[in-house]
Amino acid sequence: MRDGKSFRAKGNQQIKRLIELELVAICNPEFLVAERELTLTEILSFPLIQGTHRRWDQLFEQEGTPKALETLNFNSASLVIDAAINMQGIAIVPLLFVQDDIKAGRLKEVWRDKTPSGEFLFLMWPRNDRPSKPIADLVRWIQAEFDHDI
């Protein structure tokens, strides 16, 4: 599956890996005024926000850095992003989820994970004996949006 090709999944589904997620730490621009990217050690001094993937916990464990004392945990990425926008702390999320908020100035990137995340965004759709043209067209359009060969 590393080559990004489609394959048949359990439950008669077809699945395609679209992209590897790039993780960034973000916050409200008014929450933190920094003219440079922070180090992980510096980030530890702020309240942290994470979702069910526990990305901060995993990152600090990988780096051998002690876990932050104050971490807000939410069960969805949208709640994590909302908490960051509302100045609750620094969140770690896939860049794909917040790039428009960063461009609009609602969020500011303060750190980027330089190592591959190993996390991917997938597209899944039903595999039918008689392929549906609308589904095939939608799958082709989504794949094209992620710059993949069809």
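The values are calculated or read from the model by the stated rules, or taken from the named source; none is laboratory data. Keep in mind that what you see is a predicted model, and the values were worked out from it rather than measured. Here Cβ is always computed from backbone atoms with ideal geometry, including for glycine, and neighbour counts include all displayed protein chains. For accessibility, only protein heavy atoms count, side chains too; no ligands or nucleic acids. Shrake-Rupley method; radii C 1.70, N 1.55, O 1.52, S 1.80 Å.
Yes/no per residue for (1) at pLDDT 95 or above; (2) among the basic types (Lys, Arg); (3) in contact with a strand residue (DSSP E or B) (Cβ under 9 Å, 6 or more places away or on another chain); (4) not in a helix (DSSP H, G or I):
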residue: Ala83; (1), (2), (3), (4): yes, no, yes, no
residue: Ile92; (1), (2), (3), (4): no, no, yes, yes
residue: Leu96; (1), (2), (3), (4): no, no, yes, no
residue: Pro116; (1), (2), (3), (4): no, no, yes, yes
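I'm checking my understanding of the structure. Among residues of region 48-67 that are over 17 Å from Val24 (Cβ atoms) and touching a residue at least 24 places away in the same chain (Cβ under 8 Å), which one is surrounded by the fewest Cβ atoms within 10 Å (Cβ to Cβ)? Among those residues, the one meeting the criterion is Thr52. For region 58-70, the criterion of being of a type in the set (Phe, Trp, Tyr), touching a Ser or Thr at 6+ places or on another chain (Cβ under 9 Å) and under 25 Å from Phe120 (Cα atoms) is satisfied by no residue at all.
Hey, can you tell me all the residues within region 37-47 that are open to solvent by 30 Å² or more (accessible area, probe 1.4 Å) and outside any loop (DSSP other than H, G, I, E, B)? Passing the criteria: Thr41, Glu42. Of the residues that make up region 111-119, is at least one open to solvent by 60 Å² or more (accessible area, probe 1.4 Å) and either polar (S, T, N, Q) or without any contact (Cβ under 8 Å) to a residue 12 or more places away in the chain (or both)? Yes, region 111-119 has at least one match. Tell me, which residue of region 122-150 that is in contact with a helix residue (DSSP H, G or I) (Cβ under 7 Å, 6 or more places away or on another chain) and either basic (Lys, Arg) or at pLDDT 80 or above (or both) is farthest from Asn12 (Cα to Cα)? Of everything passing the filter in region 122-150, Leu123 is farthest from Asn12 (Cα to Cα). Residue count for region 120-137 under the criterion of being open to solvent by less than 60 Å² (accessible area, probe 1.4 Å) and either within 22 Å of Thr52 (Cβ to Cβ) or of a type in the set (Gly, Ala, Ser) (or both): the result is 5. Would you pick out the residues in region 61-78 that are in a helix (DSSP H, G or I) and touching a strand residue (DSSP E or B) at 6+ places or on another chain (Cβ under 9 Å)? Ala77, the sole residue that qualifies.
No other residue among Ile26, Ile15 is open to solvent by 20 Å² or more (accessible area, probe 1.4 Å), in contact (Cβ under 8 Å) with a residue 60 or more places away in the chain and outside any loop (DSSP other than H, G, I, E, B) apart from Ile15.
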